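To keep things clear, I will list the structure first and then write my remarks on it.
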Amino acid sequence: MSEVNKILVVGGGIGGLCAAIALRRQGIAVDLVEIKSDWTVYGVGIIQQSNVVREMARLGVLDRYLDAAYSFEDVGIYDLQGTPLARIPGQRLAGEQYPANVGISRLALHKVLSEAALELGATVRLGLSVDAFEQDAEGVQVSFTDGTQGRYELVVGADGVYSKVRGLLFGEQYTPRFTGQAVWRYNFKRDPSIDHLASFMGADGNAGLVPLSNELMYMFSTSHEPHNPWYQTEQLAGLMRERIGRIGGLIGELREQITDNAQVVYKPMEVVFVDEPWFKGRVLLIGDAAHATTPHLGQGAGMAIEDALVLSLELVGQGSMEEKLQRFMARRFERCKFISEKSILAGEREMAQDPTFDRIGLTKQMLKLTAEPI
Ligand SMILES: Cc1cc2nc3c(=O)[nH]c(=O)nc-3n(C[C@H](O)[C@H](O)[C@H](O)COP(=O)(O)OP(=O)(O)OC[C@H]3O[C@@H](n4cnc5c(N)ncnc54)[C@H](O)[C@@H]3O)c2cc1C
């Protein structure tokens, strides 16, 4: 049996913070290093589905998380003129007293998770990364970018799609790929009708409205952007209005309010999947570092959060570090691969404007899979 006493988490995003919380709850000492010196995140929102609500309960942060979020039940699917097509009922996986789904601003989520990690005693250092590491049978000797050193029984790379830790483990073998699409997002005052996730789909576009609080909601829209163009900030509002130009209903009504270039969040979709165990020795990847995918199923952060929780459970189990990490992989690999591949597929079918693609059926399949215990 190998006791795990001290772990380094690289990256203070959603996955890294959830890992810090979950590991601290198991009594394991956690150092976390985050490359950004001002630990902020961009100010749009994120959809968190029923499996995430369930795992927030297991992380012990559910009440404060719900206080910072907008809870809702169903997902409404509409055509591009706003005519309802289907309603996907929410699943209350955290218990009947808790909501099925949540929309939350990324800033609010970051505040909840970072405060919890610090309260639980994780040591956080900002403006810092890993420079190199050397492993032996008992641990990992880490050199940080400020010249300091540390020794850990495990290093967890939660440093996102452009993971440095992944590069140190696998070299150039896994590099992010642009899928051909990008996402446009913008915050609005919440319309009273948006008390659920509203998804508008059709051959001429794809967009959605997500409630974030009583006052706030955000719009997202995906677009085909061949050759991954780079846009200047002063173009963004006009381009976003253009991209959603063929969408009617509430999206159409909101379009003229998209005027502040600085508030448009434009993001090309980049994906990577480590198609072999996500660890070598005592260094492991979780979250986007191992399996960044497109947002079509709204499960990227969900998978990072689940990774964090499963890791904390396996590390306190029996066996050597190798055995613990193998068990972690057995619980995570196929689930994340499904989400990763099916999200990418949904984007490809969208770009191909394939009228036969059953997006609603895929969403239901995803909900069935993610409802299963991790
Ligand atoms: C447009 C878009 C919309 C999305 N919408 C949703 C959604 O609605 N629902 C959902 O579940 N998911 C969504 N996702 C996916 C989700 O954002 C990611 O899957 C999630 O953020 C992954 O968390 P992570 O902690 O692995 O990585 P990140 O959140 O990227 O965090 C990585 C952290 O590591 C830090 N870092 C980077 N390099 C280093 C380094 N060398 N050293 C130290 N620190 C480092 C970064 O600064 C960052 O803080 C969306 C993604 C995109 C692109």
Quiz item: Just checking, which of Ala207, Ala198 is in contact with a Ser or Thr (Cβ under 8 Å, 6 or more places away or on another chain), modelled with pLDDT of 95 or more and open to solvent by less than 40 Å² (accessible area, probe 1.4 Å)?
Solution: Ala207
Quiz item: So Thr233 fits all but one of (1) over 23 Å from the mean Cα position of the chain (by Cα); (2) touching a residue at least 60 places away in the same chain (Cβ under 8 Å); (3) open to solvent by 50 Å² or more (accessible area, probe 1.4 Å); what number is the exception?
Solution: (2)
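Which one of these is in a loop (DSSP other than H, G, I, E, B) and within 16 Å of the ligand (Cβ to nearest atom): Ile194, Ile247?
Sole residue among the options that is in a loop (DSSP other than H, G, I, E, B) and within 16 Å of the ligand (Cβ to nearest atom): Ile194.
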Quiz item: Since Val156 meets every condition but one in (1) within 11 Å of the ligand (Cβ to nearest atom); (2) within 30 Å of Leu197 (Cβ to Cβ); (3) among the hydrophobic types (A, V, I, L, M, F, W, C), which condition does it not meet?
Solution: (2)
Practice problem: Working only within the range 21-37, note down all residues that are open to solvent by less than 50 Å² (accessible area, probe 1.4 Å), of a type in the set (D, E, K, R) and more than 9 Å from the ligand (Cβ to nearest atom). | Solution: Asp31
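Which of the residues belonging to the range 324-343 are over 24 Å from Arg282 (Cβ atoms) and either open to solvent by 30 Å² or more (accessible area, probe 1.4 Å) or polar (S, T, N, Q) (or both)? Give the derivation first.
Filtering the range 324-343 down to residues over 24 Å from Arg282 (Cβ atoms) leaves 338-343.
Answer for the range 324-343, where residues must be over 24 Å from Arg282 (Cβ atoms) and either open to solvent by 30 Å² or more (accessible area, probe 1.4 Å) or polar (S, T, N, Q) (or both): Phe338, Ser340, Glu341, Lys342, Ser343.
Results for (1) free of Cβ contacts under 8 Å to residues at least 60 places away in the same chain; (2) closer than 24 Å to Ile339 by Cα, shown as yes or no for each residue.
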residue: Val52; (1), (2): no, yes
residue: Gly60; (1), (2): yes, no
residue: Val75; (1), (2): no, yes
residue: Pro99; (1), (2): yes, yes
residue: Ala117; (1), (2): no, no
residue: Gln135; (1), (2): no, no
residue: Tyr152; (1), (2): no, no
Practice problem: Scan the range 38-87 for residues that are among the β-branched types (Val, Ile, Thr) and surrounded by 18 or more Cβ atoms within 10 Å (Cβ to Cβ) and jot them down. | Solution: Val41, Val44, Ile46, Ile47, Val52, Val53, Val61, Val75, Ile77
Quiz item: Does Asp159 satisfy the condition of being out of contact with any Lys or Arg (no Cβ under 7 Å at 6 or more places or on another chain), farther than 16 Å from Leu284 by Cβ and charged (D, E, K, R)?
Solution: no
Exercise. Being within 13 Å of the ligand (Cβ to nearest atom), under 19 Å from Val264 (Cβ atoms) and in contact with an Asp or Glu (Cβ under 9 Å, 6 or more places away or on another chain) is the filter here, so list the residues in the range 179-191 that pass it.
Key: Gln181, Ala182, Tyr186
Quiz item: Could you list, in sequence order, the residues of the range 38-88 that are small (Gly, Ala, Ser), closer than 21 Å to Lys111 by Cβ and more than 12 Å from the ligand (Cβ to nearest atom)?
Solution: Gly43, Ala57, Gly60, Ala68, Ala69, Ser71
Exercise. Would you kindly identify the helices (runs of 4 or more DSSP H) lying entirely within the range 255-374 that contain at least 1 residues that are among the basic types (Lys, Arg) and without any contact (Cβ under 8 Å) to a residue 24 or more places away in the chain?
Key: 321-351, 359-371
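Return yes when Val165 is closer than 17 Å to Asp31 by Cα, of a type in the set (Val, Ile, Thr) and in a strand (DSSP E or B) and no when it is not.
It is false that Val165 is closer than 17 Å to Asp31 by Cα, of a type in the set (Val, Ile, Thr) and in a strand (DSSP E or B).
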Quiz prompt | Out of Gln97, Gln91, sole residue that is open to solvent by 70 Å² or more (accessible area, probe 1.4 Å) and over 17 Å from Gly208 (Cβ atoms) | solution = Gln97
Quiz item: Out of all the residues in the range 297-310, is one or more more than 11 Å from the ligand (Cβ to nearest atom), within 24 Å of Leu369 (Cα to Cα) and crowded, with 17+ Cβ neighbours inside 10 Å?
Solution: yes
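The values are calculated or read from the model by the stated rules, or taken from the named source; none is laboratory data. A quick note: this is a predicted structure, and the numbers were derived from the prediction, not measured. Glycine also receives a Cβ, built like all others from the backbone with ideal geometry; neighbour counts cover every protein chain displayed. Areas reflect the complete protein model, heavy atoms only, side chains present, ligands, DNA and RNA absent. Shrake-Rupley method; radii C 1.70, N 1.55, O 1.52, S 1.80 Å.
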